[in-house]
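Visitor: Have a look at the structure that comes next, please.
The values are calculated or read from the model by the stated rules, or taken from the named source; none is laboratory data. Computed from a prediction, not measured in an experiment: that's the story for all the values here. No Cβ is skipped: glycine too gets one built from the backbone with ideal geometry, and neighbour counts run over all protein chains shown. For the accessible areas, the whole protein counts, side chains as well, though only heavy atoms, and no ligand, DNA or RNA atoms are used. Shrake-Rupley method; radii C 1.70, N 1.55, O 1.52, S 1.80 Å.
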Amino acid sequence: MMSDYLLYNGNFWNSSEPLVTADNRGLKYGDGLFETLRVTGKKIHLADWHFERLFTGLQLLEFELPAYFTPVHLARQVTALCKRNNHPVARIRITIIRGGGGLYDPEDHFPNCIIQSWSLPEDGFQLNANGLVTGIYRGAQKTMDKFSNCKSNNYLPYAMAALYAKKQQWNDAFLLNTGERVCDATIANIFIIKDETIYTCPLQEGCVAGIMRRFLLENLPANGFSLQEKKITVEDLLAADEVFLTNTIKGIRWVGHCDGSSYGNRLTKIIFDKLLKK
(Lines give C-alpha, C1' and ligand atoms only; values in the text may rest on other atoms or scores of the structure.)
Protein backbone atom coordinates (compact mmCIF):
# COMPACT_ATOMS: atom_id res chain seq x y z
CA MET A 1 0.00 0.00 0.00
CA MET A 2 1.25 3.48 -0.84
CA SER A 3 2.31 5.71 2.02
CA ASP A 4 0.06 8.36 3.56
CA TYR A 5 2.67 11.05 2.93
CA LEU A 6 5.31 11.96 0.40
CA LEU A 7 7.87 14.74 0.21
CA TYR A 8 7.79 17.26 -2.61
CA ASN A 9 10.64 19.74 -2.63
CA GLY A 10 11.13 19.25 1.08
CA ASN A 11 7.47 19.58 2.15
CA PHE A 12 5.15 16.81 3.29
CA TRP A 13 2.12 16.24 1.10
CA ASN A 14 -0.73 13.80 1.40
CA SER A 15 0.00 11.11 -1.16
CA SER A 16 -3.39 11.63 -2.83
CA GLU A 17 -2.80 15.34 -3.49
CA PRO A 18 -1.89 16.43 -7.04
CA LEU A 19 1.64 17.79 -7.44
CA VAL A 20 2.23 18.97 -11.00
CA THR A 21 0.39 20.80 -13.74
CA ALA A 22 -0.22 19.66 -17.30
CA ASP A 23 2.68 21.89 -18.40
CA ASN A 24 5.23 19.92 -16.38
CA ARG A 25 8.14 18.66 -18.50
CA GLY A 26 8.36 15.45 -16.52
CA LEU A 27 4.78 14.69 -17.53
CA LYS A 28 5.10 15.88 -21.13
CA TYR A 29 8.56 14.57 -22.02
CA GLY A 30 9.68 12.23 -19.26
CA ASP A 31 12.32 14.86 -18.49
CA GLY A 32 14.03 13.52 -15.39
CA LEU A 33 15.20 10.41 -13.63
CA PHE A 34 14.58 8.35 -10.52
CA GLU A 35 16.37 6.28 -7.90
CA THR A 36 15.05 3.33 -5.91
CA LEU A 37 16.49 2.70 -2.44
CA ARG A 38 16.13 0.09 0.27
CA VAL A 39 16.03 1.47 3.81
CA THR A 40 16.25 -0.31 7.16
CA GLY A 41 15.78 2.01 10.12
CA LYS A 42 18.01 4.99 9.39
CA LYS A 43 20.30 3.00 7.09
CA ILE A 44 20.09 3.42 3.32
CA HIS A 45 21.66 0.30 1.89
CA LEU A 46 24.62 1.03 -0.42
CA ALA A 47 23.77 4.72 -0.09
CA ASP A 48 27.03 6.05 -1.55
CA TRP A 49 26.53 4.13 -4.79
CA HIS A 50 22.87 5.14 -5.10
CA PHE A 51 23.62 8.82 -4.69
CA GLU A 52 26.63 8.59 -6.98
CA ARG A 53 24.39 7.18 -9.71
CA LEU A 54 21.68 9.76 -9.06
CA PHE A 55 23.99 12.77 -9.12
CA THR A 56 25.86 11.47 -12.15
CA GLY A 57 22.51 11.31 -13.94
CA LEU A 58 21.53 14.80 -12.81
CA GLN A 59 24.77 16.16 -14.24
CA LEU A 60 24.25 14.26 -17.49
CA LEU A 61 20.71 15.69 -17.81
CA GLU A 62 22.07 19.19 -17.09
CA PHE A 63 20.05 19.97 -13.98
CA GLU A 64 21.24 22.99 -11.98
CA LEU A 65 21.53 21.93 -8.36
CA PRO A 66 21.14 24.37 -5.44
CA ALA A 67 23.99 24.27 -2.93
CA TYR A 68 21.84 22.49 -0.35
CA PHE A 69 20.85 19.70 -2.77
CA THR A 70 23.34 17.05 -1.66
CA PRO A 71 23.30 13.34 -0.78
CA VAL A 72 23.24 14.27 2.90
CA HIS A 73 20.19 16.48 2.35
CA LEU A 74 18.32 13.74 0.48
CA ALA A 75 19.28 11.08 3.03
CA ARG A 76 17.82 13.21 5.83
CA GLN A 77 14.60 13.63 3.88
CA VAL A 78 14.37 9.88 3.26
CA THR A 79 14.78 9.20 6.99
CA ALA A 80 12.17 11.83 7.87
CA LEU A 81 9.64 10.36 5.45
CA CYS A 82 10.12 6.81 6.73
CA LYS A 83 9.58 8.08 10.26
CA ARG A 84 6.47 10.05 9.26
CA ASN A 85 4.98 7.02 7.50
CA ASN A 86 6.11 4.56 10.18
CA HIS A 87 8.08 2.44 7.72
CA PRO A 88 10.99 0.82 9.60
CA VAL A 89 11.89 -1.13 6.44
CA ALA A 90 11.00 0.64 3.23
CA ARG A 91 11.30 0.92 -0.51
CA ILE A 92 12.05 4.52 -1.42
CA ARG A 93 11.63 6.16 -4.80
CA ILE A 94 13.28 9.53 -5.42
CA THR A 95 11.93 11.11 -8.61
CA ILE A 96 13.57 14.20 -10.10
CA ILE A 97 11.70 16.18 -12.78
CA ARG A 98 12.28 19.45 -14.56
CA GLY A 99 9.50 22.02 -14.17
CA GLY A 100 7.30 23.68 -16.76
CA GLY A 101 8.04 24.98 -20.22
CA GLY A 102 8.14 23.79 -23.80
CA LEU A 103 10.60 21.44 -25.39
CA TYR A 104 13.04 24.24 -26.33
CA ASP A 105 12.31 26.68 -23.51
CA PRO A 106 12.25 25.11 -20.05
CA GLU A 107 11.39 27.60 -17.32
CA ASP A 108 14.46 26.53 -15.34
CA HIS A 109 16.64 23.53 -14.58
CA PHE A 110 15.73 23.18 -10.90
CA PRO A 111 15.52 19.55 -9.68
CA ASN A 112 11.94 19.21 -8.48
CA CYS A 113 12.14 16.27 -6.10
CA ILE A 114 9.43 13.79 -5.12
CA ILE A 115 10.25 11.19 -2.44
CA GLN A 116 7.85 8.31 -1.76
CA SER A 117 8.03 5.35 0.62
CA TRP A 118 6.40 1.92 0.77
CA SER A 119 6.67 -0.57 3.60
CA LEU A 120 8.73 -3.74 3.06
CA PRO A 121 8.82 -6.98 5.08
CA GLU A 122 11.34 -6.91 7.90
CA ASP A 123 12.89 -10.33 7.18
CA GLY A 124 15.36 -9.01 4.58
CA PHE A 125 16.12 -10.60 1.22
CA GLN A 126 14.52 -13.96 0.48
CA LEU A 127 15.45 -16.17 -2.46
CA ASN A 128 12.33 -17.11 -4.41
CA ALA A 129 11.22 -20.71 -3.84
CA ASN A 130 9.98 -21.19 -7.40
CA GLY A 131 11.89 -20.10 -10.48
CA LEU A 132 10.53 -17.13 -12.39
CA VAL A 133 8.72 -17.77 -15.66
CA THR A 134 10.05 -15.34 -18.26
CA GLY A 135 10.26 -14.65 -21.98
CA ILE A 136 11.80 -12.24 -24.46
CA TYR A 137 10.02 -9.03 -25.41
CA ARG A 138 10.79 -7.99 -28.98
CA GLY A 139 8.46 -4.99 -29.28
CA ALA A 140 11.16 -2.45 -28.38
CA GLN A 141 14.94 -2.26 -28.31
CA LYS A 142 17.08 -0.49 -25.72
CA THR A 143 19.46 2.10 -27.12
CA MET A 144 23.17 2.03 -26.36
CA ASP A 145 24.03 5.69 -25.75
CA LYS A 146 25.20 7.93 -22.92
CA PHE A 147 21.74 8.00 -21.36
CA SER A 148 21.16 4.23 -21.39
CA ASN A 149 22.67 3.51 -17.98
CA CYS A 150 20.48 6.12 -16.19
CA LYS A 151 17.22 5.29 -14.47
CA SER A 152 15.41 7.70 -16.75
CA ASN A 153 11.76 8.68 -16.47
CA ASN A 154 11.63 7.75 -20.18
CA TYR A 155 10.67 4.19 -19.20
CA LEU A 156 8.42 3.22 -22.10
CA PRO A 157 10.32 0.11 -23.37
CA TYR A 158 10.32 -1.37 -19.86
CA ALA A 159 6.69 -0.44 -19.23
CA MET A 160 5.55 -2.09 -22.44
CA ALA A 161 7.70 -5.16 -21.75
CA ALA A 162 6.10 -5.46 -18.31
CA LEU A 163 2.63 -5.13 -19.83
CA TYR A 164 3.47 -7.82 -22.38
CA ALA A 165 4.82 -10.10 -19.64
CA LYS A 166 1.59 -9.73 -17.69
CA LYS A 167 -0.48 -10.65 -20.74
CA GLN A 168 1.70 -13.73 -21.29
CA GLN A 169 1.41 -14.62 -17.57
CA TRP A 170 5.17 -14.32 -17.15
CA ASN A 171 6.86 -13.05 -14.01
CA ASP A 172 9.23 -10.85 -16.03
CA ALA A 173 10.46 -10.19 -19.56
CA PHE A 174 13.89 -9.69 -21.09
CA LEU A 175 14.61 -6.70 -23.31
CA LEU A 176 17.07 -6.63 -26.19
CA ASN A 177 19.30 -3.75 -27.23
CA THR A 178 19.60 -2.37 -30.76
CA GLY A 179 22.20 -5.08 -31.46
CA GLU A 180 19.48 -7.65 -30.63
CA ARG A 181 21.45 -8.87 -27.62
CA VAL A 182 20.11 -9.41 -24.11
CA CYS A 183 20.19 -6.17 -22.13
CA ASP A 184 17.87 -5.94 -19.10
CA ALA A 185 14.77 -7.35 -17.53
CA THR A 186 11.91 -4.94 -16.82
CA ILE A 187 13.12 -3.99 -13.33
CA ALA A 188 16.40 -5.87 -12.99
CA ASN A 189 19.82 -6.62 -14.40
CA ILE A 190 20.54 -10.06 -15.84
CA PHE A 191 23.22 -12.59 -14.93
CA ILE A 192 23.64 -15.97 -16.59
CA ILE A 193 25.75 -18.94 -15.49
CA LYS A 194 27.39 -21.37 -17.89
CA ASP A 195 29.91 -24.05 -16.86
CA GLU A 196 30.43 -22.47 -13.41
CA THR A 197 31.23 -19.02 -14.84
CA ILE A 198 28.92 -16.08 -14.19
CA TYR A 199 28.31 -13.56 -16.98
CA THR A 200 26.60 -10.18 -17.20
CA CYS A 201 26.60 -7.69 -20.04
CA PRO A 202 28.82 -4.58 -19.83
CA LEU A 203 27.29 -1.13 -19.41
CA GLN A 204 28.15 -0.35 -23.02
CA GLU A 205 25.37 -2.76 -24.00
CA GLY A 206 22.78 -0.28 -22.72
CA CYS A 207 21.70 -1.88 -19.46
CA VAL A 208 20.85 0.19 -16.40
CA ALA A 209 23.84 0.69 -14.10
CA GLY A 210 22.26 -1.36 -11.32
CA ILE A 211 23.45 -1.05 -7.75
CA MET A 212 23.06 -4.75 -6.94
CA ARG A 213 24.82 -5.48 -10.22
CA ARG A 214 27.72 -3.32 -9.04
CA PHE A 215 27.69 -5.03 -5.64
CA LEU A 216 28.04 -8.45 -7.27
CA LEU A 217 30.72 -7.28 -9.71
CA GLU A 218 32.82 -6.20 -6.74
CA ASN A 219 32.06 -9.10 -4.42
CA LEU A 220 31.76 -12.20 -6.58
CA PRO A 221 35.45 -12.36 -7.61
CA ALA A 222 36.52 -11.46 -4.08
CA ASN A 223 34.62 -14.52 -2.84
CA GLY A 224 36.09 -16.99 -5.30
CA PHE A 225 33.47 -16.93 -8.05
CA SER A 226 34.40 -16.76 -11.73
CA LEU A 227 32.81 -13.66 -13.29
CA GLN A 228 33.04 -12.04 -16.71
CA GLU A 229 31.35 -9.12 -18.42
CA LYS A 230 30.47 -10.03 -22.02
CA LYS A 231 27.88 -9.41 -24.68
CA ILE A 232 25.04 -11.87 -24.12
CA THR A 233 23.15 -13.17 -27.13
CA VAL A 234 19.70 -14.71 -27.06
CA GLU A 235 21.42 -18.02 -27.78
CA ASP A 236 23.64 -17.53 -24.70
CA LEU A 237 20.59 -16.86 -22.57
CA LEU A 238 18.66 -19.91 -23.76
CA ALA A 239 21.71 -22.21 -23.42
CA ALA A 240 22.62 -21.07 -19.89
CA ASP A 241 22.71 -23.45 -16.93
CA GLU A 242 21.28 -20.82 -14.57
CA VAL A 243 19.85 -17.30 -14.92
CA PHE A 244 19.20 -14.81 -12.15
CA LEU A 245 17.98 -11.22 -11.91
CA THR A 246 19.19 -8.53 -9.52
CA ASN A 247 17.85 -5.28 -8.13
CA THR A 248 18.01 -3.24 -4.95
CA ILE A 249 14.64 -4.27 -3.55
CA LYS A 250 14.55 -8.02 -4.27
CA GLY A 251 18.29 -8.74 -4.23
CA ILE A 252 18.55 -11.92 -6.33
CA ARG A 253 15.72 -13.84 -8.00
CA TRP A 254 16.41 -17.00 -9.97
CA VAL A 255 14.77 -17.75 -13.30
CA GLY A 256 13.23 -21.17 -13.90
CA HIS A 257 12.04 -20.87 -17.49
CA CYS A 258 12.52 -18.71 -20.59
CA ASP A 259 11.14 -19.42 -24.06
CA GLY A 260 11.31 -23.19 -23.72
CA SER A 261 14.57 -23.33 -21.73
CA SER A 262 14.65 -24.49 -18.12
CA TYR A 263 17.26 -23.52 -15.53
CA GLY A 264 18.47 -24.70 -12.16
CA ASN A 265 19.58 -22.61 -9.18
CA ARG A 266 22.44 -24.52 -7.48
CA LEU A 267 25.15 -21.88 -7.87
CA THR A 268 22.66 -19.01 -7.59
CA LYS A 269 21.63 -20.29 -4.16
CA ILE A 270 25.29 -20.49 -3.08
CA ILE A 271 25.80 -16.87 -4.20
CA PHE A 272 22.68 -15.76 -2.36
CA ASP A 273 23.62 -17.56 0.86
CA LYS A 274 27.18 -16.23 0.79
CA LEU A 275 26.59 -12.62 -0.22
CA LEU A 276 22.98 -11.60 0.44
CA LYS A 277 21.37 -13.80 3.05
CA LYS A 278 23.15 -12.07 5.93
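Visitor: Within region 255-272, work out how many residues are farther than 17 Å from L175 by Cα and either assigned to a strand (DSSP E or B) or touching a residue at least 40 places away in the same chain (Cβ under 8 Å) (or both).
Guide: 9
Visitor: So is R84 among the basic types (K, R), modelled with pLDDT of 90 or more and farther than 21 Å from M212 by Cβ or not? If you could, list the steps in order and put the result at the bottom.
Guide: Numbers: among the basic types (K, R): yes; modelled with pLDDT of 90 or more: yes; farther than 21 Å from M212 by Cβ: yes.
Spelling it out, R84 is indeed among the basic types (K, R), modelled with pLDDT of 90 or more and farther than 21 Å from M212 by Cβ.
Visitor: Look through L238, L276, L216 and report the one residue that is without any contact (Cβ under 8 Å) to a residue 24 or more places away in the chain and either open to solvent by less than 30 Å² (accessible area, probe 1.4 Å) or aliphatic (A, V, I, L, M) (or both). I'd like the intermediate steps shown before the answer.
Guide: Numbers: L276 fails: without any contact (Cβ under 8 Å) to a residue 24 or more places away in the chain; L216 fails: without any contact (Cβ under 8 Å) to a residue 24 or more places away in the chain.
From the options L238, L276, L216, the qualifying one is L238.
Visitor: So, one more: Take V243 and decide whether it is within 21 Å of the chain's Cα centre (by Cα), of a type in the set (V, I, T) and open to solvent by less than 20 Å² (accessible area, probe 1.4 Å). Reasoning before the result, please.
Guide: Details: within 21 Å of the chain's Cα centre (by Cα): yes; of a type in the set (V, I, T): yes; open to solvent by less than 20 Å² (accessible area, probe 1.4 Å): yes.
Yes.
Visitor: Does region 167-184 contain at least one residue that is farther than 27 Å from R266 by Cα, in contact with a helix residue (DSSP H, G or I) (Cβ under 8 Å, 6 or more places away or on another chain) and open to solvent by 60 Å² or more (accessible area, probe 1.4 Å)?
Guide: yes
Visitor: H109 fails exactly one of the following numbered conditions: (1) assigned to a helix (DSSP H, G or I); (2) under 20 Å from L19 (Cα atoms); (3) open to solvent by 30 Å² or more (accessible area, probe 1.4 Å). What is the number of that condition?
Guide: (1)
Visitor: If you don't mind, another one. Can you tell me which residues in region 212-223 are closer than 21 Å to M144 by Cβ and either in contact with a helix residue (DSSP H, G or I) (Cβ under 8 Å, 6 or more places away or on another chain) or at pLDDT below 95 (or both)?
Guide: R214
Visitor: Mind counting the residues in region 190-200 that are closer than 24 Å to N153 by Cβ and surrounded by fewer than 24 Cβ atoms within 10 Å (Cβ to Cβ)? Spell out the reasoning first.
Guide: Initial filter on region 190-200 (closer than 24 Å to N153 by Cβ): 190.
Remaining after also requiring surrounded by fewer than 24 Cβ atoms within 10 Å (Cβ to Cβ): none.
Residues in region 190-200 being closer than 24 Å to N153 by Cβ and surrounded by fewer than 24 Cβ atoms within 10 Å (Cβ to Cβ): 0 in total.
Visitor: I'm trying to understand the selection: among the residues of region 129-141, which are open to solvent by 40 Å² or more (accessible area, probe 1.4 Å), assigned to a strand (DSSP E or B) and over 16 Å from C201 (Cα atoms)?
Guide: V133, R138, G139 - these are the residues of region 129-141 that are open to solvent by 40 Å² or more (accessible area, probe 1.4 Å), assigned to a strand (DSSP E or B) and over 16 Å from C201 (Cα atoms).
Visitor: Does E229 satisfy the criteria of being open to solvent by 10 Å² or more (accessible area, probe 1.4 Å), at pLDDT 95 or above and touching a Phe, Trp or Tyr at 6+ places or on another chain (Cβ under 9 Å)? Even if it seems obvious, please write down each step before you answer.
Guide: Values: open to solvent by 10 Å² or more (accessible area, probe 1.4 Å): yes; at pLDDT 95 or above: yes; touching a Phe, Trp or Tyr at 6+ places or on another chain (Cβ under 9 Å): yes.
Here the answer is yes, as E229 does meet what is asked.
Visitor: Just the residues that are part of a strand (DSSP E or B) and either in contact with a Lys or Arg (Cβ under 6 Å, 6 or more places away or on another chain) or β-branched (V, I, T) (or both), please, taken from region 169-186. Reasoning before the result, please.
Guide: The initial filter retains those residues of region 169-186 that are part of a strand (DSSP E or B), namely 172-177, 182-185.
Listed by number, the residues that qualify are L175, N177, V182, C183.
Visitor: Next question. Restricting to helices (runs of 4 or more DSSP H) lying wholly in region 7-93: which have 3 or more residues that are in contact (Cβ under 8 Å) with a residue 60 or more places away in the chain, polar (S, T, N, Q) and open to solvent by 20 Å² or more (accessible area, probe 1.4 Å)?
Guide: On the way: elements: 25-29, 47-60, 71-85.
Once the helices (runs of 4 or more DSSP H) in region 7-93 are filtered for at least 3 residues that are in contact (Cβ under 8 Å) with a residue 60 or more places away in the chain, polar (S, T, N, Q) and open to solvent by 20 Å² or more (accessible area, probe 1.4 Å), nothing remains.
Visitor: I'd like the full set of residues that are touching a residue at least 40 places away in the same chain (Cβ under 8 Å) and within 19 Å of E35 (Cα to Cα), limited to region 187-213.
Guide: Answer for region 187-213, where residues must be touching a residue at least 40 places away in the same chain (Cβ under 8 Å) and within 19 Å of E35 (Cα to Cα): I187, A188, N189, I190, L203, G206, C207, V208, A209, I211, M212.
Visitor: Could you tell me whether any residue of region 188-211 is assigned to a loop (DSSP other than H, G, I, E, B) and modelled with pLDDT under 95?
Guide: no
Visitor: Does any residue in region 142-168 that is part of a loop (DSSP other than H, G, I, E, B) come within less than 6 Å, Cβ to Cβ, of a residue that is of a type in the set (A, V, I, L, M) and open to solvent by 40 Å² or more (accessible area, probe 1.4 Å) six or more places away or on a different chain, and which pairs are these?
Guide: Sorted first by the residue in region 142-168, then by its partner, the pairs are N149/L203.
Visitor: Is at least one residue of region 114-124 surrounded by fewer than 18 Cβ atoms within 10 Å (Cβ to Cβ), small (G, A, S) and within 30 Å of F12 (Cβ to Cβ)?
Guide: yes
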